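*Asks:* Here it is: the structure, laid out below.
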Amino acid sequence: MLSVFFLKSKRRRDWRTWFGAGLWFALLLALVLYGLIGTRLFLLSTLGTVFMYVVLTQAWNILGGYGGYLNFGMVTFFGTGAYTSAILFHYFGLSPFLTAPVAGLAAAIAGLLIGIPTLRLRGAYFALVTMIVTLAVQILALNLPYTQGALGIYMQPIGLTPLNVERLFYFLFLALAILVTLLVYAIERSNIGGALVAIREDEDAAEIIGVRTTEVKWIANAVACFIAGVVGALYAQRIMYIEPTGTFQFDISLNTVLMAVIGGPGTWQGPLIGAPLVLLVADMLRVTFTSEVNRAIFSVIVIIIALYIPGGVMGVLERWRRRNRRKALSTADEAIPGPAV
C-alpha cells in the first residue's frame, strides 16, 4: 500500500510540473502575441520596463538570492554598461545594439575589481559598502570629462515609429528575460548553485567542507554584473539620453532588491512574480503619493515581509506544499494496516 501511495504521489508531482510548465508557456505565448498585435504605447512601455526589471532582478538573484549577499549596488553596473555604450556611440559612432556585449564586459570587469575587496565583507557591512560604491561612481560620472558630466550624453534616435520602437524594446527585454531566467534555472541546479546556497546557509562551514567561497562569489558577481551592463546599454538607447543622477539613481537598486524579496529570493520564479507586483503597486502609489512616501511604504512592506513572510510569495507557496505533503504522508501512515495480533 505504501508503494501505491508513493506512485500516486509521483504522478501528482508530474502532473503539477506539467501543469506549471503549461501555465508559464501560455503566459509567454500571450505576451508574444500582445507584443505583435498590441497598439497601446503605455502598456507596451510598461511591460517592457517589467521585463527589464525581471532581467536585473534575476541578475541580482544569482549572488543576492542564492548566495545571501544583500547587494544595494546593482545600479552601479547597470550605469557602467549604459555609460560604456553611450561613450562608444558619442566618440566612435557605434550603436549600443552592437556594443551591448562590450558594455556587459566592462560592467563585469568593474564587478570583479569592486568585488575582490568588498566580497570579503559580510552582512550589513557588505550592503553598506555597495551603497557607498554607487555614490562614488556617480560622483566620478559627474566629474570625468569624457562622460560629459552633468550635461549627459545624447543618443541617436532609432528610425522607427514610436509604436515600433516600443515593440522593439518590448521583445528585446522579453528575450533577455527568458534567456537570463533559463540561466538562473541552470545555475540553481548546478554545482555553483549548490555552492552559493551553502555560502548563504553557513559560509564558514562551506569553506570547511571545501567550497572555494571567495572564487564562487567573484564568478557569481561577475556574471550578474555582465547581465546588468547589457541591460544598461539597451536602456541608454531606449531613453536616448543619460546623465549621472538619473542613470545611477538608487531607486533602481532598491526596486531590484524589493522585487527579489517580495517574489522570493533564491528561486528562479521569484523575480518573475516580484517585478510585476512591485511595478504595479508603484504605479498605483505614484498616482496618490509623492516618491518619498512611496519609498516609505515600500520600506514598511519589506519589513513586514522579512518579519512575517520570509521567502516572499514563493516562500508562502513552498510552505503550503510542505504542509500538503505532511498531510498526505500522515494519511498514508494511517492507511497502512498494523501487524496482525
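One line per residue, one yes/no per condition, for (1) open to solvent by less than 30 Å² (accessible area, probe 1.4 Å); (2) touching a residue at least 12 places away in the same chain (Cβ under 8 Å); (3) closer than 30 Å to residue 201 by Cβ:
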{"position": "78", "(1), (2), (3)": "yes, yes, yes"}
{"position": "83", "(1), (2), (3)": "yes, yes, no"}
{"position": "114", "(1), (2), (3)": "no, yes, yes"}
{"position": "119", "(1), (2), (3)": "yes, yes, yes"}
{"position": "141", "(1), (2), (3)": "yes, yes, no"}
{"position": "155", "(1), (2), (3)": "yes, yes, no"}
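*Asks:* In addition: Looking at the structure I just gave you, is residue 206 crowded, with 18+ Cβ neighbours inside 10 Å and modelled with pLDDT of 95 or more?
*Replies:* No, not satisfied.
*Asks:* Tally time: how many residues in segment 94-105 are open to solvent by 30 Å² or more (accessible area, probe 1.4 Å) and either part of a helix (DSSP H, G or I) or of a type in the set (Phe, Trp, Tyr) (or both)?
*Replies:* 5
*Asks:* On to the next question. Which residues, counting only those in segment 226-253, are open to solvent by 40 Å² or more (accessible area, probe 1.4 Å) and among the hydrophobic types (A, V, I, L, M, F, W, C)?
*Replies:* 226, 239, 240, 250
*Asks:* Still on this structure, I have one more. Show the residue pairs meeting these rules: Cβ distance below 7 Å; 6+ apart or different chains; first residue within segment 226-240 and more than 15 Å from residue 98 (Cα to Cα); second residue hydroxyl-bearing (Ser, Thr, Tyr) and surrounded by fewer than 24 Cβ atoms within 10 Å (Cβ to Cβ).
*Replies:* Once the first residue is more than 15 Å from residue 98 (Cα to Cα) and sits in segment 226-240, its partners that are hydroxyl-bearing (Ser, Thr, Tyr) and surrounded by fewer than 24 Cβ atoms within 10 Å (Cβ to Cβ) give 240/154.
*Asks:* Which of (1) under 23 Å from residue 216 (Cβ atoms); (2) open to solvent by less than 50 Å² (accessible area, probe 1.4 Å); (3) charged (D, E, K, R) is the odd one out, the single condition residue 166 does not satisfy?
*Replies:* The failed condition is (1).
*Asks:* Pick from 186, 177: which is open to solvent by less than 50 Å² (accessible area, probe 1.4 Å) and among the hydrophobic types (A, V, I, L, M, F, W, C)?
*Replies:* The unique qualifying residue is 177.
*Asks:* Another question, if that's okay. With a cut-off of at least 1 residues that are more than 19 Å from the chain's Cα centre (by Cα), name the helices (runs of 4 or more DSSP H) lying wholly within segment 202-313.
*Replies:* So the answer is 213-239, 244-247, 270-288, 291-308.
*Asks:* For residue 62, indicate whether it is closer than 18 Å to residue 199 by Cβ and either open to solvent by 10 Å² or more (accessible area, probe 1.4 Å) or assigned to a helix (DSSP H, G or I) (or both).
*Replies:* Against the criterion (closer than 18 Å to residue 199 by Cβ and either open to solvent by 10 Å² or more (accessible area, probe 1.4 Å) or assigned to a helix (DSSP H, G or I) (or both)), residue 62 qualifies.
The values are calculated or read from the model by the stated rules, or taken from the named source; none is laboratory data. In this text the structure is predicted, and so the values were computed from the model without any measurement. Ideal geometry is used to build each Cβ from the backbone, glycine not excepted, and the neighbour counts take in all protein chains shown. Just so you know, the surface numbers come from the protein's heavy atoms only, side chains and all, with ligands and any DNA or RNA stripped out. Shrake-Rupley method; radii C 1.70, N 1.55, O 1.52, S 1.80 Å.
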